[in-house]
Structure formats: C-alpha cells, structure tokens
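Everything on this sheet refers to the single structure shown next.
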Amino acid sequence: MLTHEENMLLCRVQGDAPMGALMRRHWVPALLSEEVPEPDGKPVRVRLFGEDLVAFRDTKGRVGLVDEFCPHRRASLVYGRNEDCGLRCLYHGWKIDAQGQVVEMFSEPPASALAGKVRHTAYPTVECAGFVWAYMGPPETQPDFAPPPFSQDDAPQVSIVKIRVPANWAQITEGQIDSAHSSSLHSSDMRPARVKGAEADDKAWYRPSTDKAPRLQVETTPYGFHYAAVRRPIHQGSTHDYVRVTRFVAPFVSLIPPNNLYNVASVIVPVDDENSMFHFVAWGADDCPDTAAWHEFCRAVPGVDLAPDWSPVRTLDNDFGQDRAAMSAGSFTGIEGIPNQDLAMWVGMGPIVDRTREVLGGSDVAIVAFRRLMVDAAQRMRESGQALGREGDVPAQQSIASFEGVIEKSVDWRGQHRSVGRAQHSPDEVTGR
C-alpha cells in the first residue's frame, strides 16, 4: 500500500513532476513512424507529459517534433503547410523547420532580423523499430540513442497495436508486469494445454500449466527489475517448474514472456497525468503476425475497434463490449481481445487508482517491487537529478530478453534468456533542436 503522497509521486508526470523529469531523460517513443508516412504529408498532433506537440515528416524525410502552437500568435501548426523542409503556419506564414528554427516570416519586412532571433521548441528524433523516438530532457543530458529490445538482427517483422487509454501510465504498466492476472483475466485466451512450452496460433496462446497461483521471485537490475512467476507444470511437476520471466526496462518497456512463434512487449507512454498511449508489440521472424493480423488478433483494428485518435470504441459507457451470453457459453470475461480485457481493468479503476485502499497479497510481490523502485527513483530524481536507467552499469537494451520454459527446479531462472526470432531496425538520421 502506498501513501497518497507516494502515489502522486509515482503517477504525476506533468510540469515539474519528478517522474516526468525522469522519463524525459530517456528517449521517448513519441509516435509511430506510420503516422507520418510521407515527406511533406499531413502533420499530426502528439501529446506527451501534458505537452501539446505536432509531428511532421519534412521534404528530406526527417521527422520534426515541435510545440504545436506557433511562436508568433500561438495558432495551431497542425493545420500548417508542410513544404520545402518546414512547417508553415497558415495564420501569418511563419515557417519553422524540424530543428525549431524560424526560417521565414511572411508578415515581416525583408530587412527584419526577427527570424534569426526566434527559436521554437523542438525535440531531437530518431526512427527505430516502428517508432519515432524523441529526447525531451535538458540538451546537456541527452544520451546517445539506444535501440530498444525489440530491434534485433535476425527477424524482419515488428507489429504494433496502439491504443489511447484514459488511465495513468503506472496502473497500465502494473498490468503488464502482473503475471498472476493472466490465469484469470486472460484465461479464455491463454489456455492450459499439453504443450512443452508457450505456444500460439491465430486464435489463442497456450501454456503448459493449470496453476493459477504463481510463486514470485523478484530482483532489481540496473535497467529496472525482473521477476519469475513459477508455476507447477502439467508434466514433470515433481522435478520441474514452469517459469515465466518478465523484465521491466524503465521507464517505458515491459518484456512479456514469449511464445514459440514471436516475442511480446508493451510500451507505455504518458500522454498526461490521466491518459496514456499503450503499445502492444509482437516481433520475430517468419511466424510473427504481420501488422494487420496482429491488430485482428488483439481486436484492435483501426477504423473498426479504434477511432482515428487511437481511442477504443469499447469504453466504460458500453461496458467494453462485454457479452454476458458469451460468458455463459464459456468465455471468462465476455470481452474479445487480450488488450481489451486489460483495458476494462485499467480504465475501470479510474484515471488514477487510489492505492491507499488496496489489499495486497502474495501474488502482488512484483507490483510492490515496481512501486518501490519507481517511487524511490522519482525521489532520487527530485533530490539529485539522477535518472533510473541512466546510472551505473546499464546493459544495452538489445541484450535484454524475457523468458518462459519448463526447467528443472535446481536451475536458476536468472541465467535463462530464451528468445525467438527478433528484428533489427537501424535508427535513421537524428534531427536536433
């Protein structure tokens, strides 16, 4: 249980909140590359940490991420003309490039020197693994871009589901690192089966255990923390354990145990204190679902399940499409799609869950560890400016992998790093302030 003050320290990301400052010291997955598909195309709105921005791909293919509102009279640049390596405001013709330099001012006389004196807020960007990443912290603390765990050498496919969720980032992340809930909430889609390890097809995921009460073992790491959920397997239960290892790579990425066909991760980015962008990522080699198949499997098809702003059509107002007849016929939740089942839980808690009123148990060990890790990290950020994941001997993210498998009881899960085929996407050119 957290105090109210600790809960706010964990959850708040806007303004000068320590958690937001910590996240800004990392490269932030700001939007999908597919949202700005072509040079001189339509600009798009982006909101991060309560800050309203606009993204655009310029004539040379570089992605700019700038303050949405023109520095002149604060008109929205999302309506601007994207032309000749800059975004031109419709109101008075001021033109701003991807680095935030005002390069033309239609409304000023030719002899004016004002353009050279005006700088617009702009953030450096890198494209990698389907995302446009931005650095939003102080320029003097900007690190080199580190490719994420789902950008690997030996598999061409990265498929991403994106959903805008009206809930705080922390309760969504807690859902991603909570192995115990999968045996209940997702039991119709993650089914016990006589398989050797986790398997998947286009209908469901299968696991070699009927055990609903995992034993949890947690360890902090330089990049965040990891833990093992240990269950009794269907076969060889007296000598072996079924182990699922989840890794939290602070502050955005959770690596979920893979199946036999592809790896799975989630990427959670705060829109503001009470809204988040949830990304559900599958990556691997030949058997990884393509983007369209992944959207269909997750019941998160744009234009069908999702509005143009990535908001889901399943909401509190329509009970997330829950079908009670389907529940009577065998569905545990009556809600189709693993992310949609999670969504009902996250959003149903309210925008920021009141953690002072919870009753925690043994299955919540990893949740407690996550909260203590991140509250301590926010306090350290506030007091000394040190950011978790930027300190000490932090391994390259590409070397971090989740794990699942049936192993002998004597084997230490910490040394297990099973991973199926994973894809490499080299970062493109960096654009700066």
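The values are calculated or read from the model by the stated rules, or taken from the named source; none is laboratory data. Values in this document were obtained by computation on a predicted structure and should not be read as measured data. Using ideal geometry, Cβ is built from the backbone for each residue, glycine included, and neighbour counts are taken over all protein chains shown. Side chains are part of the model used for accessible areas, which takes the heavy atoms of the whole protein and leaves out ligands, DNA and RNA. Shrake-Rupley method; radii C 1.70, N 1.55, O 1.52, S 1.80 Å.
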Qualifying residue in region 101-123 (condition: at pLDDT 95 or above, in contact with a Phe, Trp or Tyr (Cβ under 7 Å, 6 or more places away or on another chain) and either assigned to a strand (DSSP E or B) or not basic (K, R) (or both)): yes
Test for T121: is it open to solvent by 50 Å² or more (accessible area, probe 1.4 Å) and either under 30 Å from F252 (Cβ atoms) or hydrophobic (A, V, I, L, M, F, W, C) (or both): yes
Filter result for the condition that a residue is closer than 24 Å to L306 by Cβ and in a loop (DSSP other than H, G, I, E, B), over P148, P143: P148
Per-region count, region 17-40, residues touching a strand residue (DSSP E or B) at 6+ places or on another chain (Cβ under 6 Å) and small (G, A, S): 2
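For region 182-191, name all the residues that are in contact (Cβ under 8 Å) with a residue 12 or more places away in the chain and buried (at least 16 other Cβ atoms within 10 Å of the Cβ).
Going through region 182-191, the residues in contact (Cβ under 8 Å) with a residue 12 or more places away in the chain turn out to be 183-191.
Across region 182-191, the qualifying residues are S183, L185, H186, S187, S188, D189, M190.
Can you tell me which residue in region 25-47 is farthest from V165 (Cα to Cα), limited to those that are open to solvent by 40 Å² or more (accessible area, probe 1.4 Å) and under 20 Å from the mean Cα position of the chain (by Cα)?
R25
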Matching residues in region 113-143 - criterion: being more than 19 Å from H279 (Cα to Cα) and under 20 Å from the mean Cα position of the chain (by Cα): Y123, P124, M136, G137, P143
Index of the failed condition, A21 passing every other in (1) among the hydrophobic types (A, V, I, L, M, F, W, C); (2) free of Cβ contacts under 8 Å to residues at least 40 places away in the same chain; (3) open to solvent by 10 Å² or more (accessible area, probe 1.4 Å): (2)
Lone unmet requirement of (1) within 25 Å of G137 (Cβ to Cβ); (2) among the aliphatic types (A, V, I, L, M); (3) surrounded by fewer than 19 Cβ atoms within 10 Å (Cβ to Cβ) for A75: (1)
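Which ones in region 48-59 are surrounded by fewer than 18 Cβ atoms within 10 Å (Cβ to Cβ) and under 25 Å from E274 (Cβ atoms)? Outline the logic, then answer.
Residues of region 48-59 surrounded by fewer than 18 Cβ atoms within 10 Å (Cβ to Cβ): 50, 52, 59.
Across region 48-59, the qualifying residues are G50, D52.
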Contacts under 6 angstrom Cβ, first residue in region 207-222 being closer than 29 Å to D393 by Cβ, partner open to solvent by 30 Å² or more (accessible area, probe 1.4 Å), 6 or more apart: L216/V365; V218/V365; P222/G392; P222/D393; P222/V394
1 or more residues touching a residue at least 12 places away in the same chain (Cβ under 8 Å) and under 18 Å from the mean Cα position of the chain (by Cα): qualifying helices (runs of 4 or more DSSP H) within region 278-385: 291-297, 338-348, 365-384
Tally of residues being open to solvent by 40 Å² or more (accessible area, probe 1.4 Å) and closer than 17 Å to P289 by Cβ across region 144-167: 2
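If the requirement is being at pLDDT 95 or above and open to solvent by less than 70 Å² (accessible area, probe 1.4 Å), which of these qualifies: M374, M345, M349?
On the way: M345 fails: open to solvent by less than 70 Å² (accessible area, probe 1.4 Å); M349 fails: open to solvent by less than 70 Å² (accessible area, probe 1.4 Å).
The unique qualifying residue is M374.
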Qualifying positions in region 247-263 - in a strand (DSSP E or B) and more than 18 Å from V158 (Cα to Cα): R247, F248, V249
Of all residues making up region 314-342, the number that are open to solvent by 50 Å² or more (accessible area, probe 1.4 Å) and either in contact with a Ser or Thr (Cβ under 6 Å, 6 or more places away or on another chain) or over 21 Å from I268 (Cβ atoms) (or both): 13
In region 213-229, the residues that are assigned to a strand (DSSP E or B), within 21 Å of S184 (Cα to Cα) and open to solvent by 10 Å² or more (accessible area, probe 1.4 Å): R215, L216, Q217
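Test of understanding: among A170, A98, A134, which residue is part of a loop (DSSP other than H, G, I, E, B), touching a residue at least 40 places away in the same chain (Cβ under 8 Å), hydrophobic (A, V, I, L, M, F, W, C) and surrounded by 22 or more Cβ atoms within 10 Å (Cβ to Cβ)? Steps first, answer last, please.
Details: A170 fails: part of a loop (DSSP other than H, G, I, E, B); A134 fails: part of a loop (DSSP other than H, G, I, E, B).
Criteria check complete, one pass: A98.
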L22 being over 30 Å from T173 (Cβ atoms) and in contact with a helix residue (DSSP H, G or I) (Cβ under 8 Å, 6 or more places away or on another chain): no
Residue among A285, A293 that is surrounded by fewer than 23 Cβ atoms within 10 Å (Cβ to Cβ), at pLDDT 95 or above, farther than 19 Å from I172 by Cα and out of contact with any helix residue (DSSP H, G or I) (no Cβ under 7 Å at 6 or more places or on another chain): A293
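Please go through region 60-70 and pick out each residue that is in contact with a strand residue (DSSP E or B) (Cβ under 9 Å, 6 or more places away or on another chain) and open to solvent by 40 Å² or more (accessible area, probe 1.4 Å). Step through it out loud before you land on a result.
The initial filter retains those residues of region 60-70 that are in contact with a strand residue (DSSP E or B) (Cβ under 9 Å, 6 or more places away or on another chain), namely 62-70.
Matches in region 60-70: R62, F69.
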Residue in region 300-317 that is under 16 Å from H181 (Cα atoms) and of a type in the set (S, T, N, Q) present: no
